[in-house]
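Presented below is the structure to which this report refers.
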Amino acid sequence: MFVLFDIGGTNMRVGASADGQTISQSKIIPTPQGFTDGVKQLKQIAQKLSEGEEITGVAGGIAGALDKTKSILVASPHLTGWVNQPLKVELERIFDCRVELENDANLNGLGEAVNGSGKGKKVVAMITLGTGVGGARIVDSKLDKNIWGFEPGHQVIIPEGNLCNCGGKGHLEAYVAGSYLEKIYQKKAEDIKDDAVWDQIAKYLSIGLNNLTVFWSPEVIILGGSMIKSLPFEKVRTYLKAELKIFPTPPKIVLATLGDEAGLYGALELLK
């Protein structure tokens, strides 16, 4: 039995795989802001989902940057209570088995590239739009090599622009992520009905996708996360096509298909 998890800035998902290929069941709860409480709840859910079967592997993602050994969260604007805590060591102690950690957006991308809308593509870029903005580059169905992970949400699109929770200014995340839209417009993204606002958000996102394209040169860009339900998808495509000048055509932009379980499928790939 494998236990899989996805610790995001808003929600924590925990799942189980009995066959190593599919997610047999999963549970979603609000992400605990404290490390101790979070690990305790993860353990309780995992034990319930495993139904007494032996747990032979645990893997999952967390929202933020991990250290080089993929053991400790070193920076996270949305999970400050988890930063510099011995996450991998504690999970190894609790479950007494192999534990693998990654950035949550990386695992969302890996899951979609292998099992979702990027299946069969050689170079895949994934952008998740939710509480924050994350992303990853997947090559030949494997996470591209990196040192600190990938943080496309923290690229600068407007010098000295909006303040980001990480302390930087003008980052993409500070213009298109749900938590920032709520701060700017005083309402949740799904409650914003002004077409002009969404048109501007699409423009900001297209700038970020242009930068991602010229750096990563993907065959396809997958957009996922809770925000895509509100995003004017075709406008993003149109603005990216107008923005991108150096390549003859932009990469194909598609929507994620695995939903909330993308990160769990990515975690399963880590254990494989």
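Bear in mind these aren't lab numbers, they're just calculated from the coordinates by the rules spelled out. Because the structure is predicted, anything quoted here is derived from the model rather than measured. Neighbour counts are summed over all protein chains in view; Cβ atoms, including those assigned to glycine, are modelled from backbone coordinates with ideal geometry.
Cross-link candidates for Lys183: which aspartates and glutamates have Cα within less than 20 Å, leaving aside residues fewer than 8 places away along the same chain?
Glu160, Glu173, Asp191, Asp194, Asp195, Asp199
Specify which labelled value, from (i) 18.7; (ii) 21.5; (iii) 22.1, agrees with Kirkwood radius over Cα pairs in Å derived from the coordinates of the model shown.
Entry (i).
If you line up the long axis of helix 195-216 against the longest principal axis of the chain, both from Cα atoms, how many degrees apart are they, to the nearest 10?
Compared with the principal axis, the helix lies near 70 degrees.
Work out how much length Lys169 to Ile29 would gain on full extension: take 0.36 nm times their residue separation and subtract the Cα-Cα distance, in nm to one decimal.
Extra length from Lys169 to Ile29 when fully extended: 47.3 nm.
Can you list the residues, at least 5 places off or on another chain, whose amide H is less than 5 Å from the amide H of Ile72, using H built in the peptide plane?
For Ile72, whose amide H was placed from the backbone, the distant partners under 5 Å are Asp67.
Please compute P(r) over all alpha-carbon pairs of the stretch 120-256, binned at 10 Å starting from zero, and give each bin as a whole-number percent.
With 10 Å bins starting at 0, P(r) equals 12, 45, 35, 8, 0.
Asn146 versus Glu53, label points 7 Å from Cα toward the beta carbon: distance in nm?
Calculated label separation equals 3.1 nm.
Under 15 Å between alpha carbons, and skipping anything fewer than 8 positions from Lys27 in its own chain: which aspartates and glutamates qualify?
Within the straight-line cut-off, Lys27 pairs with Asp6, Glu51, Asp260, Glu261.
Using a cut-off of 25 Å between alpha-carbon atoms, which lysines can reach Lys145, once sequence neighbours fewer than 8 places away in the same chain are excluded?
By straight Cα distance, Lys145 reaches Lys68, Lys70, Lys88, Lys119, Lys121, Lys122, Lys252, Lys272.
Could you give each residue of the stretch 124-131 its phi-based ³J(HN,Hα) in whole Hz, using Karplus coefficients 6.51, -1.76, 1.60 with θ = phi - 60°, and x for Gly or Pro?
Each residue's phi maps through the Karplus curve to give 10, 10, 10, 10, 9, 10, x, 4 Hz.
What is the spin-label model distance, in nm, from Phe233 to Gln200 if the labels are put 7 Å beyond Cα along the C-beta direction?
Once both label points are built, they end up 2.5 nm from each other.
Using Cα pairs under 8 angstrom and six or more residues apart, how large is the relative contact order of the stretch 88-135, in percent?
29 percent
Restricting to Cα pairs below 8 Å that are 6+ residues apart, what does the relative contact order work out to for the stretch 120-256? Please round to a whole percent.
26 percent
Normalising by the residue count of the chain, find the relative contact order in percent from Cα pairs under 8 Å and 6+ residues apart.
About 20 percent, as a whole number.
If you average the alpha carbon positions of the stretch 52-78 and of the stretch 199-252, how far apart do those two centres end up, in angstrom?
29 Å
Can you pull the three principal axis extents for the Cα set of the stretch 1-91, in Å, largest first?
The Cα atoms of the stretch 1-91 stretch 34, 27, 20 Å along their principal axes.
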